[in-house]
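**Student:** Please see the structure below; I have some questions.
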Amino acid sequence: MPKQFSPRSERPRRARVHPAWWVAAVAFLALLSAAGFRAAPGALMVPMHQDLGWSMSVMSLAVGINLLLFGLVAPFAAALMDRFGMRQVVCTALVLIALGAGGSVFMTASWQLLIFWGLLIGVGTGSMALVFAATIANRWFVKRRGLVMGVLTAGSATGQLIFLPPVAALAENVGWRPASLVVAAAALVAVPLVWLILRDHPEDRGALPYGADPSAHVAPTRAAGGAMRRALEGLRYAARHRSFWALALAFGICGATTNGLVGIHFIPSAHDHGMAATTAAGLLAAVGIFDIAGTIASGWLTDKFDPRMLLVAYYAFRGVGLLMLPWMLSDQVHPSMVLFIVVYGLDWVATVPPTAALCREIFGDRGTIVFGWVFAAHQIGAATAAFGAGVIRDAFGTYSYAWWSGAALCGIAAALSIVVKNARPRTGTAAVSADVQSGPMDSTSRADQSA
């Protein structure tokens with residue numbers, strides 16, 4: 001008698017979603033939630049000044065400390081993730097952000113702003129930062145690394161897009177304290193999902209990295225030793241190579257001309273020209289819209305083309321935008337301002353995927369921690385520009401000199417990007433996969449040869 005098949009047995013099995021994509025989705029949500037405060041200072045500074053009478057210099061100093069810690073904590077956070085696990089580090093970071101934003105509503109003196117905005121939120125955001133995105137991309141993906149890095153980097157831009165308009169509206173119409181509480185709540189939302197889904201390595205889920213060849217893949221050696229020792233060892237190793245200093249200086253200028261200048265001071269500068277704070281916040285949020293497209297596209301381009309040439313183009317376009325900005329600002333939104341928003345949005349963090357790719361290619365297994373130090377330079381530049389622009393505004397009554405200085409720095413960053421040496425000829429994603437699977441010894445050897 002012939003064997004009977006049920007309709008269910010005849011139905012083809014649906015392909016299971018690779019766990020790497022679930023991990024990437026939760027990482028995106030965590031980065032999005034942490035971005036709430038990234039969007040907040042520019043919207044909160046004017047209402048806080050009007051309510052408490054604190055100067056722009058004092059508030060810029062708090063933001064500068066925040067940005068500085070954001071960068072300096074990053075390389076140690078990468079080592080801590082290696083040592084203790086991403087899940088524990090990321091959950092702790094989100095809680096610190098919530099404490100800093102929520103606790104700020106009880107401030108009565110300006111020095112307390114340095115604790116809440118500077119210390120707590122700086123350490124919290126720095127414990128995730130872009131190093132978290134690089135760790136996810138490097139551990140969980142062989143194929144599509146550049147694309148995943150672009151998507152995760154866009155998580156911060158998406159957070160800016162989501163949070164900035166309501167935070168600005170609350171701050172202007174209700175008060176800066178309710179706006180701060182919204183930021184605190186957003187940081188806590190992602191904690192349960194991070195704890196349930198995020199894992200350190202594909203092997204923890206019984207899987208290979210996405211796109212890995214089962215016959216050639218070798219699981220990486222798990223980290224051992226102190227996080228501080230490993231972070232400092234990575235810095236000592238990288239500091240011997242000229243390419244590291246070129247990447248770090250250029251990325252420092254990247255931070256100065258994004259988070260430090262435009263991210264913090266665009267709304268107050270637009271307010272100086274008579275533009276409503278909510279309108280300026282909407283423009284800055286629009287930067288986030290185009291940043292999503294620009295960063296994802298940059299990740300795709302990084303898989304295909306020489307990342308150095310991409311960086312040259314990105315910094316050049318950014319410099320032109322900053323050079324023209326003082327003549328574009330007014331009490332109304334004109335077509336020239338819309339053009340600035342589009343160009344600057346596409347360029348905002350498009351530098352991240354090629355910079356992370358160069359760190360991985362040149363420094364091999366140390367690439368994530370080295371990228372953490374490069375990102376520290378990014379935030380040192382951001383902190384310097386955030387504080388310096390506030391001082392310029394108080395001293396000269398205008399931000400114009402700050403914008404022009406940023407334009408000049410972008411020219412320097414474009415030149416520095418040419419100095420960086422490629423670790424190998426680029427032939428697309430296949431070359432990336434071959435490089436990854438060649439093993440730690442080959443990666444380190446290439447780093448030595450390329451420097």
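The values are calculated or read from the model by the stated rules, or taken from the named source; none is laboratory data. All of these numbers come straight from a predicted model, not from anything done at the bench. In this analysis, Cβ positions are derived from the backbone assuming ideal geometry, glycine residues included, and neighbour counts consider all displayed protein chains.
**Student:** So GLY274 fits all but one of (1) on the phi < 0 side of the Ramachandran plot; (2) at pLDDT 80 or above; what number is the exception?
**Tutor:** Failing condition for GLY274: (1).
**Student:** Of the residues TRP373, TRP348, which single one is more than 26 Å from ALA407 (Cβ to Cβ) and of a type outside the set (Asp, Glu)?
**Tutor:** TRP373
**Student:** What pairs come up if the first residue lies in region 334-346 and is touching a residue at least 40 places away in the same chain (Cβ under 8 Å), the second is in a helix (DSSP H, G or I) and of a type in the set (Asp, Glu), and their beta carbons are under 9 Å apart, counting only those six or more places apart or on different chains?
**Tutor:** TYR344/ASP291; GLY345/ASP291; LEU346/ASP291
**Student:** So which residues in region 383-398 are surrounded by 24 or more Cβ atoms within 10 Å (Cβ to Cβ) and at pLDDT 85 or above, if there are any at all?
**Tutor:** Result: ALA385, ALA389.
**Student:** Okay, moving on. Would you check if there is a residue in region 306-316 being more than 30 Å from PHE141 (Cα to Cα) and surrounded by fewer than 22 Cβ atoms within 10 Å (Cβ to Cβ)? I'd like the intermediate steps shown before the answer.
**Tutor:** First, pick out the residues of region 306-316 that are more than 30 Å from PHE141 (Cα to Cα): 316.
Retained after the next criterion (residues that are surrounded by fewer than 22 Cβ atoms within 10 Å (Cβ to Cβ)): 316.
Scanning region 306-316 turns up at least one residue that is more than 30 Å from PHE141 (Cα to Cα) and surrounded by fewer than 22 Cβ atoms within 10 Å (Cβ to Cβ).
**Student:** Of all residues in region 230-271, which are part of a helix (DSSP H, G or I), at pLDDT 85 or above and among the basic types (Lys, Arg)?
**Tutor:** Those that are part of a helix (DSSP H, G or I), at pLDDT 85 or above and among the basic types (Lys, Arg): ARG236, ARG242.
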